[in-house]
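The values are calculated or read from the model by the stated rules, or taken from the named source; none is laboratory data. Fair warning: this is a prediction, and the values are worked out from it, not measured in the lab. Neighbour counts run over all protein chains shown; Cβ positions are idealised from the backbone, glycine included.
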Amino acid sequence: MTTTAIGRTSVPAKYLPVLVTGCLFAAMFVAGGIRYEGFASGQVVLNVFIDNAFLLVVAVGMTFVILTGGIDLSVGSVVALSTMIAASLMAGPGWPPYVVIPLVLAIGSGLGLVMGAIVHAFDIQPFIVTLAGMFLARGLCYTIGTDSIPIEDATFTAFAQTRIDLFADLWISPSVVIAVVVVLVAAYVLHYTRLGRSVYATGGSEQSAMLMGLPVGRTKIAVYTISGFCSALGGVLLSFYMLSGYGLHAVGMELDAIAAVVIGGTLLTGGSGFLLGTVLGVLVLGLIQTIISFEGTLSSWWTKIFIGLLLFVFILLQRVFSARTRR
Amino acid sequence: MAVPAPVLTMSGIGKQFPGVKALDGVDLRLSPGEVHALMGENGAGKSTLIKVLTGVYPADTGTIELDGAAVAFGSPLEARQAGISTVYQEVNLCTNLSVAENVLIGREPRRLGRIDWKRMRARAAELLSRLELSLDVSAPLSSYSLAIQQMVAIARALDVDARVLILDEPTSSLDAGEVEQLFMVMRRLKEEGIAILFVSHFLDQIYEISDRMTILRNGRLVGEYLTSELSQVQLVAKMIGQELDALERLHGEARVFDRPLIEARELGRAGAIEPFSLTVHEGEVVGLAGLLGSGRTEIARLLFGADHAGTGEIAVGGAPASLRTPRAAMHHRIAFCSENRKADGLIPDLTVRENIILALQATRGWTRPVPREQQDELVGRYVKALRISPPNPEHLVRDLSGGNQQKVVLARWLILEPRLLILDEPTRGIDVGAKTEIQRLVAELSDGGVAVLFISAELEEVLRLSHKVEVLRDRRLVAELPNDAELTTDVLMETIASGGRDS
């Protein structure tokens with residue numbers, strides 16, 4: 001019943017937003033290929049992955065939260081805090097990476113857990129709870145240090161410089177592998193586990209989910225914990241990429257992550273969306289940056305302008321879709 | 001008929017809320033293979049009893065026995081696991097998920113922790129076929145009608161080994177055919193030996209499906225009766241605790257009124273209602289009859305200034321007036337009780353007093369607050385006159401039953417002492433007792449010289465109250481009929497059907 005005819009085939013309405021984002025990505029790629037020399041190569045797409053692996057991981061966590069109808073504003077600050085803790089522990093006391101990385105992941109998850117518990121236990125708007133978390137984490141960065149701390153650990157630098165060669169001169173970084181694994185695991189969790197289905201149910205109607213006997217409270221706490229974990233992992237990937245820890249890293253990244261999720265077709269009210277959409281959303285954002293840099297003369301602020309315009313268009317699209325399915 | 005051993009017995013249940021005794025010494029027993037109706041006015045304690053039974057609230061006093069063993073459920077989930085499933089009035093499902101998931105979520109078939117979608121769809125289809133439904137189980141639930149969603153909710157309730165099925169007003173949003181489908185399912189389940197507790201405001205439905213009933217009034221038990229041994233009139237009398245004389249006495253009649261209050265001439269709005277002319281006199285009750293969407297509400301909105309008229313003019317008390325906003329209409333002492341009391345009228349988190357005072361305060365402007373003393377005096381008077389229950393002006397409106405919420409909306413407008421009161425479906429979804437009271441109130445207002453424009457889908461009610469009836473069809477005013485001896489519901493229906501061409 002809710003299928004929309006596209007040409008001669010018909011696509012279930014729920015896949016439509018993802019399809020739109022996919023088409024947008026393809027169109028941008030083709031347009032870039034026509035306009036710029038050397039654009040239409042596989043490596044351009046892979047570079048988008050390489051440069052945005054950390055954003056992709058963070059956006060995966062954000063997808064969980066937004067699917068329940070919540071929001072997590074703390075992710076950018078948690079990313080920064082993670083780079084800062086990792087860098088300072090390795091630079092100062094000289095802790096090895098295999099201790100530091102699990103510790104950072106645990107701290108990020110812990111922060112998410114606490115925020116989720118507050119959202120659930122006191123029934124407070126996630127917006128304000130995670131806003132508090134955002135200030136807290138950003139502030140904690142400066143108690144560690146106000147300057148950028150370089151990372152000189154051998155394992156980290158080796159990891160940062162590793163290239164994994166694919167066929168035909170194409171290559172990716174280890175971060176991309178990690179990000180892809182995160183996406184696959186997350187997609188499995190969302191689609192094939194009770195937790196994942198509870199996430200969708202909670203986003204559809206929290207009241208109903210509760211009356212159907214689903215563990216709504218646990219689900220909500222879980223998504224913020226997952227988002228905290230993903231932010232910390234994103235922070236680790238960012239410190240591979242930057243080889244430094246700094247309190248000003250990842251300023252505004254929460255908004256990029258939210259933008260990617262929304263452009264990927266996930267409804268901000270929750271209950272509808274796919275991880276594939278989020279991946280495409282991150283790719284679209286990355287491709288905009290690539291196009292701006294190929295253009296050369298444009299300032300990088302144009303990236304923001306395009307992202308802003310895209311967001312407007314996609315939010316309007318969401319309205320149109322949800323209005324139609326409601327009839 | 002031999003009474004089979006009850007599967008569930010509740011005895012001496014009591015429940016106290018701040019300021020209200022919601023339940024007091026209520027007994028209820030449900031037998032396998034029987035449809036048991038729970039009857040009572042709004043606010044009689046039906047919902048509270050169900051919530052106590054299903055573990056939403058703990059009981060203050062009393063015991064619940066399931067198969068002879070005492071039980072106390074801490075949550076709806078525990079009650080379900082014990083075999084007591086509930087389907088609520090509002091479908092509590094997630095419409096964004098597929099039909100199959102809605103039936104089985106929380107109990108999905110899994111293999112090594114991985115949801116087995118194929119088996120899940122098969123199991124859901126199997127459960128639905130038990131209710132003689134064949135749906136596309138992988139389609140989102142939102143693509144099906146409310147009636148089907150209701151059935152899906154029942155299928156979900158039955159998946160656990162349900163022995164008691166509670167249906168809390170499942171029929172209020174279904175049409176006749178859908179109700180029949182539901183009843184078929186209920187009869188089937190009855191044969192399977194499931195005890196069904198059924199709550200509905202529709203007496204005909206109760207008599208069609210139920211075997212036995214328990215009646216509550218004001219949180220107390222009135223008694224348990226066999227449906228076949230209690231007439232409808234007796235039932236209503238027991239529910240409201242008084243004889244129906246009041247209801248019988250009311251009867252609208254054609255009368256000659258000579259002081260026109262509002263005259264609309266060729267008033268119309270493109271796309272909403274064709275130009276119409278209508279005169280309402282002081283003390284006159286004018287009924288608007290017509291199908292849903294025939295333009296009844298549109299007329300009301302034009303007269304209240306909620307919509308702009310495209311054509312025509314209005315005169316109030318003989319002088320031309322411009323009713324371009326509700327504020328202007330209120331200035332002429334026109335009041336409008338809208339159809340959708342939840343969305344348009346009431347603020348659930350404010351108290352009864354605050355809700356009642358709202359419109360009066362709005363007409364005075366925020367710089368001149370109504371003195372507290374005057375508030376208490378006014379509110380006290382209307383709470384008493386309308387018999388709002390509980391009679392505590394500081395109670396939150398959210399906690400009131402539907403009928404009492406409707407009375408609060410009414411009180412809000414009555415406080416302004418309107419000259420024209422527009423009532424859009426004031427009695428929909430409320431029980432027979434509150435209905436009678438609202439009808440009596442309309443009659444009293446009209447005796448006191450207030451003009452009333454009364455919109456209702458129930459033709460009988462329109463006839464009972466109105467002095468004249470305006471018939472609408474396809475957004476056009478097709479006939480104006482004086483309510484004389486010849487006017488019956490049949491004549492009205494015929495007029496609606498024929499579009500007034502014959503008359």
Scanning the stretch B:104-132 for residues that are within 14 Å of chain A (Cβ to nearest Cβ) and on the phi > 0 side of the Ramachandran plot, the one surrounded by the fewest Cβ atoms within 10 Å (Cβ to Cβ) turns out to be B:Leu112
Can you find even one residue in the stretch A:24-44 that is β-branched (Val, Ile, Thr), closer than 27 Å to A:His191 by Cβ and either in contact with a helix residue (DSSP H, G or I) (Cβ under 8 Å, 6 or more places away or on another chain) or away from chain B (no Cβ under 14 Å) (or both)?
no
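Can you tell me which residues in the stretch B:92-103 are facing chain A (nearest Cβ under 7 Å) and polar (S, T, N, Q)? Show your work before the answer.
Here is the first cut: in the stretch B:92-103, the ones facing chain A (nearest Cβ under 7 Å) are B:92-97, B:101.
Result: B:Asn92, B:Thr95, B:Asn96.
Would you be able to say whether some residue in the stretch A:60-78 is exposed (fewer than 15 other Cβ atoms within 10 Å of the Cβ), of a type in the set (A, V, I, L, M) and away from chain B (no Cβ under 14 Å)? I'd like the intermediate steps shown before the answer.
Start the filter on the stretch A:60-78 by keeping residues that are exposed (fewer than 15 other Cβ atoms within 10 Å of the Cβ), which leaves none.
No, that holds for no residue.
Going by what's in this entry, would B:Lys51 be described as within 26 Å of the chain's Cα centre (by Cα), within 14 Å of chain A (Cβ to nearest Cβ), at pLDDT 85 or above and farther than 23 Å from B:Glu191 by Cα? Give the derivation first.
On the way: within 26 Å of the chain's Cα centre (by Cα): yes; within 14 Å of chain A (Cβ to nearest Cβ): yes; at pLDDT 85 or above: yes; farther than 23 Å from B:Glu191 by Cα: yes.
Taking the combined requirement at face value, the residue satisfies it.
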If you take the residues in the stretch B:93-131 that are polar (S, T, N, Q) and not in a loop (DSSP other than H, G, I, E, B), which one is modelled with the lowest pLDDT?
B:Ser129
Scan the stretch B:268-281 and tell me whether some residue there is at pLDDT below 85, under 30 Å from B:Ser401 (Cα atoms), exposed (fewer than 13 other Cβ atoms within 10 Å of the Cβ) and small (Gly, Ala, Ser).
no
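Being in a loop (DSSP other than H, G, I, E, B) and under 30 Å from the mean Cα position of the chain (by Cα) narrows it down to one residue among B:Leu291, B:Leu303; which is it? Break it down stepwise before answering.
Working: B:Leu303 fails: in a loop (DSSP other than H, G, I, E, B).
None of the others qualify; the one that does is B:Leu291.
Hey, does the stretch B:79-91 have a residue that's under 16 Å from A:Val216 (Cα atoms) and within 10 Å of another protein chain (Cβ to nearest Cβ)? Write out each step before concluding.
Step one: list which residues in the stretch B:79-91 are under 16 Å from A:Val216 (Cα atoms), which gives none.
The answer is no, given that none of the residues of the stretch B:79-91 is under 16 Å from A:Val216 (Cα atoms) and within 10 Å of another protein chain (Cβ to nearest Cβ).
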For the stretch B:404-416, does any single residue satisfy the condition of being outside the structural domain of B:Ile455 (by TED's automatic domain parsing) and without any contact (Cβ under 8 Å) to a residue 12 or more places away in the chain?
no
Residue among B:Ala153, B:Ala162, B:Ala157 that alone is closer than 21 Å to B:Leu30 by Cβ and not in a helix (DSSP H, G or I)
B:Ala162
3 or more residues free of Cβ contacts under 8 Å to residues at least 40 places away in the same chain: qualifying helices (runs of 4 or more DSSP H) within the stretch A:71-177
A:97-121, A:126-144, A:154-161
Only one of (1) in a helix (DSSP H, G or I); (2) within 28 Å of B:Asp484 (Cβ to Cβ) does not apply to B:Glu373, and that is (2)
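For residues in the stretch B:133-156 being polar (S, T, N, Q) and within 21 Å of the chain's Cα centre (by Cα), which is farthest from the other protein chains (Cβ to nearest Cβ)? Don't jump to the end; show me each part of the working.
First, pick out the residues of the stretch B:133-156 that are polar (S, T, N, Q): B:134, B:138, B:142-143, B:145, B:149-150.
Next, only the ones that are within 21 Å of the chain's Cα centre (by Cα) stay: B:145, B:149-150.
Working: B:Ser145: 10, B:Gln149: 11, B:Gln150: 13 Å.
Checking each candidate, the answer is B:Gln150.
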When (1) in contact with a Pro (Cβ under 6 Å, 6 or more places away or on another chain); (2) more than 10 Å from every other protein chain (Cβ to nearest Cβ) are applied to B:Ala72, the one that fails is (1)
How many of the residues making up the stretch B:180-199 are out of contact with any Asp or Glu (no Cβ under 9 Å at 6 or more places or on another chain) and in a helix (DSSP H, G or I)?
6
Extreme residue, nearest to B:Glu263 (Cα to Cα), among residues of the stretch B:447-503 that are surrounded by 14 or more Cβ atoms within 10 Å (Cβ to Cβ) and among the basic types (Lys, Arg)
B:Lys468
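Would the stretch B:370-378 turn up any residue that is closer than 30 Å to B:Gly271 by Cβ and either among the aliphatic types (A, V, I, L, M) or free of Cβ contacts under 8 Å to residues at least 40 places away in the same chain (or both)? Spell out how you get there, then give the answer.
First pass over the stretch B:370-378, keeping only residues closer than 30 Å to B:Gly271 by Cβ: none.
No, the stretch B:370-378 has no match at all.
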